[in-house]
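The structure appears right after this line, and notes come after that.
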Number of protein chains: 2
Amino acid sequence: MKLTEAKLQFVSSWGAFGSHWGINRTMAQIHALLMVSPDPLTQDDLMEQLNISRGNVNMNIRDLITWGLVDRVILPGERREYFTAEKDIWKVATQIIKERKKRELDPMLKLLSQLEKIDGDKKDKDVKQFVETIGGIKKLGLQADKMLDVMVKADENWFLAGIMKMFK
Amino acid sequence: MKLTEAKLQFVSSWGAFGSHWGINRTMAQIHALLMVSPDPLTQDDLMEQLNISRGNVNMNIRDLITWGLVDRVILPGERREYFTAEKDIWKVATQIIKERKKRELDPMLKLLSQLEKIDGDKKDKDVKQFVETIGGIKKLGLQADKMLDVMVKADENWFLAGIMKMFK
DNA sequence: TTGAATTTTCAAAATATTTTGAAAATTAAT
DNA sequence: ATTAATTTTCAAAATATTTTGAAAATTCAA
């Protein structure tokens, strides 16, 4: 397979993959393209290579920047802005984990803590089931939270070594 | 807070949470409601409590069943079908992990392996960056795959104990 | 069998999300 | 300051997803 074809295939699959994870197709495609591009690209490069409008590129690029996955690059003597993606996949993963934890897991745990404090007869089976389910989810969430925290702080080698040892 | 209000809050939040993870709002809500319901519910119960149509309930329930998160229950002497959700949150989590791994991670790893075998000059920086990026993603994916495999096979106590020990 | 109860299907409608593109805003060189 | 290049915004259009509801299929008791 030729590079051009492989890139196309990767970008398209990464877009489809992303959309199963609540990330919009185009944002995932832009990210994919930047990850396999050794040099920074302009908005026009992205428009052309992905066949999408300027506004679309601009919005999604800004989103990727707030996710901490893409950086603006100013090339000396160049008027236009360039964009580049973090290439270290471990950093990409920890960045995504960090953000999703902050945006989704933490608020959910906060809510669960409130819902646990429901008032009602603990003998009532509906109350009992509710409290148990909420409690169970919260417990699992806290474990995940703790695990992700440590992963994010650790560096790659530590993680790989630890995982390898732990899981044979 | 009263049970009814808390249930409503949980169901609604769980729906919103799910939609950040590629799960449709209604499916997540049905799942949430069944998780906090001690007794099995009928399609009519779900229609009424969530204010959704019969067809909607039916489709999403079937989907939840193929995910292995909900079971049909036949109550003796009853004509209608009842539905119940797995209440053990650890089993819920491993079931979801197992399915998503099968549906998404495994196919992605297969694709990455093919894309790695690209032909072209390894000196070319575009080729080099492509191969490195794909290789990095594949490596991380394989690690995740291995880790999830073990988690899914392990039981809750083992997991909690292991995590606690590993992550202090 | 028959037929009433129940479940399933799926085309059409409703809703939600994404994309476009051109106007407005910004930037920086002259 | 002026202006041309570039970026940003956002209402409208296009597209995608979800939901409805009624008809068809299925189930099961009589």
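Quick notes
- Odd one out for residue A:66, checked against (1) more than 13 Å from DNA strand D (Cβ to nearest atom); (2) within 29 Å of residue A:153 (Cβ to Cβ); (3) surrounded by fewer than 14 Cβ atoms within 10 Å (Cβ to Cβ): (1)
- Residue in the range A:27-35 that is more than 14 Å from DNA strand C (Cβ to nearest atom) and in contact with a strand residue (DSSP E or B) (Cβ under 8 Å, 6 or more places away or on another chain) present: yes
- Qualifying residue in the range A:105-112 (condition: touching a residue at least 40 places away in the same chain (Cβ under 8 Å), under 25 Å from the mean Cα position of the chain (by Cα) and part of a helix (DSSP H, G or I)): yes
- Cβ separations smaller than 9 Å between residues 6+ apart or across chains give the following pairs from the range A:51-65 residues that are without any contact (Cβ under 8 Å) to a residue 40 or more places away in the chain to residues that are part of a helix (DSSP H, G or I) and within 6 Å of DNA strand D (Cβ to nearest atom): A:54/A:43; A:57/A:43; A:58/A:43; A:61/A:43.
- If you go through the range B:17-40 and keep only what is away from DNA strand D (no atom under 12 Å from the Cβ), more than 9 Å from every other protein chain (Cβ to nearest Cβ) and surrounded by fewer than 21 Cβ atoms within 10 Å (Cβ to Cβ), you end up with just B:40.
- Criterion applied to B:61, B:74 was being over 24 Å from residue A:105 (Cα atoms) and either at the interface with another protein chain (Cβ under 9 Å from one of its Cβ atoms) or near DNA strand D (Cβ under 8 Å from one of its atoms) (or both), and the one residue passing it is B:74.
- Test: residue in the range A:81-91 that is within 13 Å of another protein chain (Cβ to nearest Cβ), under 30 Å from residue B:141 (Cβ atoms), touching a residue at least 12 places away in the same chain (Cβ under 8 Å) and aromatic (Phe, Trp, Tyr): yes
- Residue in the range A:124-133 that is under 29 Å from the mean Cα position of the chain (by Cα) and at negative phi present: yes
- Test for residue B:8: is it crowded, with 20+ Cβ neighbours inside 10 Å and not polar (S, T, N, Q): no
- For the range A:131-143, the criterion of a residue being exposed (fewer than 13 other Cβ atoms within 10 Å of the Cβ) and modelled with pLDDT under 95 is satisfied by no position.
- Residue in the range A:19-29 that is within 20 Å of the chain's Cα centre (by Cα), of a type outside the set (Lys, Arg), modelled with pLDDT under 95 and part of a helix (DSSP H, G or I) present: yes
- In the range A:42-54, of all residues being hydrophobic (A, V, I, L, M, F, W, C) and surrounded by fewer than 21 Cβ atoms within 10 Å (Cβ to Cβ), the one that is farthest from the other protein chains (Cβ to nearest Cβ) corresponds to A:52.
- Each residue in the range B:111-126 was checked for being under 12 Å from residue A:2 (Cα atoms), modelled with pLDDT of 95 or more and more than 8 Å from every other protein chain (Cβ to nearest Cβ), and 1 of them qualify.
- So residue B:12, is it more than 12 Å from DNA strand C (Cβ to nearest atom), modelled with pLDDT of 95 or more, in a loop (DSSP other than H, G, I, E, B) and of a type in the set (Ser, Thr, Tyr): no
The values are calculated or read from the model by the stated rules, or taken from the named source; none is laboratory data. As the structure is a prediction and not an experimental result, all values here were calculated from the model. For neighbour counting, all protein chains shown are included, and Cβ atoms are generated from backbone atoms with ideal geometry for every residue, glycine included.
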